[in-house]
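Trainee: After the structure tokens below, expect a handful of questions from me.
The values are calculated or read from the model by the stated rules, or taken from the named source; none is laboratory data. Not measured: the values here are computed from a predicted model. Neighbour counts are summed over all protein chains in view; Cβ atoms, including those assigned to glycine, are modelled from backbone coordinates with ideal geometry.
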Amino acid sequence: MTERISVSRALFRSLLLVLLLVGLTGCPKAFKGGESSLPPGVELGGKYYTQYSFQYEKNRHRTTNYRKGFLVPVNTPVELLSWGRKGFMIRVLPNGPDIEIENVQKHTGDTIEQAFHKMLARRPLNLKQFTRRERGLIKEGKVAPGMSRKAVIAAIGYPPITQTPTLDMNEWRYWASRFDTFIVRFSNGRVKQIIN
């Protein structure tokens, strides 16, 4: 009987250790970091505002900028939860969800710090610079003919540099999903056509 109790206690301790380790590894290392690794002007627990509308799936947004999943509109308040070598984690305020932002540098050309400052700022984006129609589309995360380049960025973010190496181009190619793209074509600085 004493042997069974000893074995049961040993199994119980092993199970507790496994559960503890699983709990500690819930957040990927790529999104963990400490205050010391934070760049200047970036604060864990700080409140920021999204500078463009973006979408996420399974609590993750890759800066490849797929147009799939749940929408987080421009000027949504968020809290910075963690910072790591490949990205950072935010919480949509007031009650979540928590979203991992993974910087895919080959698609952005940006460091994590640059990607962070493109996506988030301490103040909301001034939407008064856009027409009433543009403001409505931006809040819905949509693009339509007649929108300015700045309005397109506010509505759906930046196109990956792999197909759009400069924003001076008259065609911006975005990833609709992992396998499909669409093109936003400009003429005289305004959207002329969206090609799916």
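Trainee: For the condition touching a Phe, Trp or Tyr at 6+ places or on another chain (Cβ under 6 Å) and modelled with pLDDT of 95 or more, what is the one hit in V184, V191, V152?
Mentor: Criteria check complete, one pass: V184.
Trainee: Here's another thing I want to ask about it. Of everything in region 144-163 that's within 19 Å of the chain's Cα centre (by Cα) and surrounded by fewer than 20 Cβ atoms within 10 Å (Cβ to Cβ), which residue is farthest from P73 (Cα to Cα)?
Mentor: Step by step, filter region 144-163, then rank; the result is T162.
Trainee: For region 171-194, what are the residues that are more than 20 Å from the chain's Cα centre (by Cα), surrounded by 13 or more Cβ atoms within 10 Å (Cβ to Cβ) and not basic (K, R)?
Mentor: Answer for region 171-194, where residues must be more than 20 Å from the chain's Cα centre (by Cα), surrounded by 13 or more Cβ atoms within 10 Å (Cβ to Cβ) and not basic (K, R): E171, I183, V184, F186, V191, I194.
Trainee: Going by the structure shown, is G41 small (G, A, S), more than 23 Å from L167 (Cβ to Cβ) and out of contact with any Pro (no Cβ under 8 Å at 6 or more places or on another chain)?
Mentor: yes
Trainee: Go through the residues of region 87-102 one by one and say whether even a single one is over 16 Å from the mean Cα position of the chain (by Cα) and at negative phi.
Mentor: Checked region 87-102: at least one residue is over 16 Å from the mean Cα position of the chain (by Cα) and at negative phi.
Trainee: Looking at F88, F70, which is the one that is under 26 Å from K128 (Cα atoms) and among the aromatic types (F, W, Y)?
Mentor: F70
Trainee: Keeping to region 123-147, report how many residues are within 24 Å of F70 (Cα to Cα) and of a type in the set (S, T, N, Q).
Mentor: Within region 123-147, residues that are within 24 Å of F70 (Cα to Cα) and of a type in the set (S, T, N, Q) number 1.
Trainee: For region 167-181, name all the residues that are under 22 Å from Q55 (Cα atoms), free of Cβ contacts under 8 Å to residues at least 40 places away in the same chain and not polar (S, T, N, Q).
Mentor: L167, E171, W172, R173, F179, D180
Trainee: Is it the case that some residue within region 81-103 is within 23 Å of I183 (Cβ to Cβ) and buried (at least 19 other Cβ atoms within 10 Å of the Cβ)?
Mentor: There is no residue in region 81-103 that is within 23 Å of I183 (Cβ to Cβ) and buried (at least 19 other Cβ atoms within 10 Å of the Cβ).
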